[in-house]
1. If I filter segment 103-113 for residues that are of a type in the set (A, V, I, L, M, F, W, C) and within 23 Å of A216 (Cα to Cα), do I get at least one hit?
2. Tell me the residue from Y186, Y174 that is out of contact with any strand residue (DSSP E or B) (no Cβ under 6 Å at 6 or more places or on another chain), in a loop (DSSP other than H, G, I, E, B) and surrounded by fewer than 20 Cβ atoms within 10 Å (Cβ to Cβ), please.
3. Determine if segment 254-265 includes at least one residue that is of a type outside the set (A, V, I, L, M, F, W, C), within 24 Å of P514 (Cβ to Cβ) and more than 16 Å from the chain's Cα centre (by Cα).
4. Restricting to segment 360-371, and then to whatever is without any contact (Cβ under 8 Å) to a residue 40 or more places away in the chain and surrounded by fewer than 17 Cβ atoms within 10 Å (Cβ to Cβ), can you tell me which residue is farthest from the chain's Cα centre (by Cα)?
5. Among residues belonging to segment 82-140 that are of a type in the set (S, T, N, Q) and within 18 Å of P48 (Cβ to Cβ), point out the one that is surrounded by the most Cβ atoms within 10 Å (Cβ to Cβ).
6. Sort out for me the helices (runs of 4 or more DSSP H) sitting completely within segment 208-281 that have 1 or more residues that are surrounded by 24 or more Cβ atoms within 10 Å (Cβ to Cβ).
7. Within segment 411-437, which residues are surrounded by 16 or more Cβ atoms within 10 Å (Cβ to Cβ) and within 16 Å of A490 (Cα to Cα)?
8. Could you tell me which of the residues E141, E108 is of a type in the set (D, E, K, R) and in contact with a His (Cβ under 9 Å, 6 or more places away or on another chain)?
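The values are calculated or read from the model by the stated rules, or taken from the named source; none is laboratory data. Because the structure is a prediction, the values reported are computed rather than measured. Positions of Cβ are backbone-derived with ideal geometry, glycine not excepted, and every protein chain shown enters the neighbour counts.
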Amino acid sequence: MTDRVIIFDTTLRDGEQSPGASMNLSEKMEVARALQALKVDVIEAGFPISSPGDFESVKTVAQEIKGPGVAGLARAHAKDIDRCWEAVQYSDRPRIHTFIATSPIHIEKKLRKTPEQVIEIAVGAVQRAKGYCDDVEFSCEDAARSDRKYLCKIVEAVIEAGATTINIPDTVGYSNPWEFGQLIGYLVETIPNSSKAIFSVHCHNDLGLAVANSLAGLKAGARQAECTINGIGERAGNASMEEIAMNLFTRKAWFGLECGIDTTQIYRASRLVSSVTGIQVQRNKAVVGENAFAHEAGIHQDGMIKHRETYEIMTPESVGWKGTSMVLGKHSGRNAFNKRMKELGFDLSQEMMEKCFEQFKVLADKKKDIYDADLFAIVEDEAHTFPEKYHLEYIQTTSGNTTLPTAMVKILKGDDVLEGAGTGDGPVDAAYATIRRLTETSSKLVHFNIQSITGGTDAVGEVVVTLEEDGRRVTGRGRNTDVIVASALAYLDALNRLEFKREKKVFAQSPTTP
C-alpha cells in the first residue's frame, strides 16, 4: 500500500453547494488556478448534468488546468455519465466520478429499488464510465449508515467492473473517528479485490468531526481525502483541506503519510474562496483563521519570546500567512506597491496592477496606514466584481437617537437614474428600504454581517449580505471605510448577482450528491 495521500478537492462542486456560494465562470477559474498552485491531485470541477453553466465550467477547467486531474460528478445514469465525459475529456487526466446511495433508508425511501438492483445499476454505471476513461471513481452515498456486508458486496462488484477509486462518504456527518476508521479498515481487509482500487473518504461536518473522521480513515488504509478550502459545503460543510494537509505535515511521524500540497499557498487560497463565495472564515478557524497565530495570554507571550515552538506547532509562513504588518501609506509609490503585491504572491496583469494601485491611492487618502489585509481586499474587489446592472452613484444618511433615520440614494441603471429617499430603523435599514423600492426587487434579505478588515477607527469595513429570491440565494459583498456605504455596495452587489444569474439562467439546482 502506498503512503502517498491523494488530495481530491471538491470546492468547485460540493463547496459551491453551500447556500449562496455559487460562482460564475471567471471566479471558478480563479479558484481552479489557486488549486493548481496548491498542487492538489484532483479537482472535482462540478456536476456537468446539473446545468449548462456547470457543464461549461467543468469543460473550461478541463481545458485550461494542467497538472491536477479534473473530475466531474455523475449519478449512476447513462445520460449523466455521457455528459460528464463530454466535459472532462479535455483534461490530461480526466476522471468520471459516479455514485449511488447504498444505505437502507436511501435504497428504500429515495431510490425505491432492491439492494440487488442497486448493485446492477452501479456496475452498469462503472462499465459505461470505463468505456470513456481509465480513471473511474465510484461513491457509495451514505456509506457510513450502510450495512457493512452489503458495502463489501457492492464495492467488490464495482471494482471488478473497473472502478479504480472507491469513495466511502459520511454523507450526513453521522459517524465518529473510531467508528469510521473501523469501517475503512474492515472494507480494505475484507473485500477480496480491495488492492485493485484506492479507497477514499468524503466526510461532512454535521457533528464537527469531518476532519477527524477523514484522518481516521486515512490512518486505517484510505489513500484519498476529499475536502474543500475552508471546509465549505452543504449544511455544516465538508472536511477542510487546509486542516487535513497541515495535520499530515505537522504530525507526519504519527501518520506516516506523504502529501503533495504546497502549504505556502494555503492562506491565499483561503482568502480567495472566502472572497468569491462571500463565506467568511471564523476568527478562530484552525490554520487560516485570523487568530490562528495570535498569542494574547501573558504566559503564552512569554513562552513565544523565549522560544517560538513553546506555543506554536507550525509557523505562519508554512501556510503562506503574511500577517497584518504595516508596510504602506499615502506617500508610497507604485514601485513599493508593486513590490509588496508580489511579496504577497499576487501575479497580476499590468492592467489589473494599475487598477489596484489606483484603489490603493484612494484608500490611502482615507486612512493613515495600509495593511496587508487591505491589499488583499483591494485585489478581491477589483477581480471579483459582477457585471453592474445597478451602480451606486451616491448615498447620504442621517441618524441619531433623536432623529428619524433617513437615507437618500442615487443609483444608475444603465442610462436610467433611480433616485429617492426613505426611512428605517437605523441608517442601514433606511438605505436598504430605499434601494428595495428604487430597484423594485422582490428578494428578501436573509443574512447581514459586518466586520472590520483591520484594526483602528479608520479600518475598512466589510459587509456581507445574503439575498433570497424564489428559493435561490446569492451573497454580495461591499467594502469601504464608511460602513453605510459598504452596506449599500454589498446590497447592490447581491442584486447584480441575482440579475446575472437570472439572465444566464444558472439557477438550476444540483441533484442530491454524496
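1. Initial filter on segment 103-113 (of a type in the set (A, V, I, L, M, F, W, C)): 105, 107, 111.
Remaining after also requiring within 23 Å of A216 (Cα to Cα): none.
Checked segment 103-113: no residue is of a type in the set (A, V, I, L, M, F, W, C) and within 23 Å of A216 (Cα to Cα).
2. Answer to the check: Y174.
3. Step one: of segment 254-265, the residues of a type outside the set (A, V, I, L, M, F, W, C) are 256, 258, 260, 262-265.
Filter once more, so that each one left must be within 24 Å of P514 (Cβ to Cβ): 260.
Checking the rest, the ones that are also more than 16 Å from the chain's Cα centre (by Cα) come to 260.
So far as segment 254-265 goes, yes, one or more of its residues are of a type outside the set (A, V, I, L, M, F, W, C), within 24 Å of P514 (Cβ to Cβ) and more than 16 Å from the chain's Cα centre (by Cα).
4. Of the residues in segment 360-371, the ones without any contact (Cβ under 8 Å) to a residue 40 or more places away in the chain are 360-362, 364-365.
Imposing the further condition that a residue be surrounded by fewer than 17 Cβ atoms within 10 Å (Cβ to Cβ) reduces the set to 361-362, 365.
Working: K361: 31, V362: 30, D365: 34 Å.
Of everything passing the filter in segment 360-371, D365 is farthest from the chain's Cα centre (by Cα).
5. S139
6. Fully inside segment 208-281 and qualifying: 210-219, 241-250, 266-277.
7. I411, P427, V428, D429, A430, A431, Y432, A433, T434, I435, R436
8. Result: E141 is the single residue among E141, E108 that is of a type in the set (D, E, K, R) and in contact with a His (Cβ under 9 Å, 6 or more places away or on another chain).
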